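Input: a single structure, listed below in structure tokens.
All of the numbers you see were taken from the coordinates with simple rules; none came from a lab. None of these values were measured; they are calculated from a predicted model. Heads up, the Cβs are rebuilt from the backbone with ideal geometry, glycines too, and the neighbour counts pull from every protein chain shown.
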Amino acid sequence: MKDVAPKYTMFVVPTDQVLSAWHVARELLVKGIGRSSGRWNLEYVLAELVLGRQSLWLVREKDGDIVGAATLGICQYPNRRMLSMHFLGGKELDKWYSEVAETIFQYGRDSGCTAIETIGREGLWKYYQTSGFKKNGVCYELELRTE
């Protein structure tokens with residue numbers, strides 16, 4: 001008989017427990033945060049989580065190991081409410097992303113969001129496209145010198 005139990009589960013860390021989970025989450029998110037071109041650092045992300053302006057989600061393997069993390073926030077625009085996936089990272093996304101993506105989508109629906117937005121490195125596209133994301137554009141940056 002085939003094992004039908006999920007190999008991975010994704011769950012939100014209650015705001016009052018973020019500090020105790022941060023040591024695990026930070027290791028999974030540090031690379032992505034470092035690629036934010038100075039928009040974010042570990043301290044600011046942690047502050048957003050502790051203040052409840054973003055939520056911390058962890059991915060647990062069936063054996064109990066934490067293998068992934070994401071930070072999610074609700075963004076209320078004038079014409080729509082969107083779930084913003086600020087950071088997603090972890091070990092071997094190939095193994096768990098497709099299994100836990102629906103958890104993110106359901107959280108967005110439950111929060112009254114009509115869409116999900118995210119900006120990420122090009123390599124994440126292989127995961128996002130399998131979930132139905134559309135590539136609407138690419139974010140390019142130019143640092144301006146102050147001379």
Worksheet item: In nm, what is the difference between 0.36 nm times the number of residues separating C75 and L42 and their Cα-Cα distance?
Response: 9.8 nm
Worksheet entry | Under 18 Å from K91, Cα to Cα: lysines that are on another chain or at least 8 residues apart | K7, K31, K62, K126
Worksheet, complete the sentence: Here FRET efficiency (C-beta to C-beta, A5 to K95, R₀ 22 Å, nearest 0.05) is 0.90
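What FRET efficiency comes out for the pair L51/K31, r = Cβ-Cβ distance, R0 = 25 Å, nearest 0.05?
So the FRET efficiency works out to roughly 0.60.
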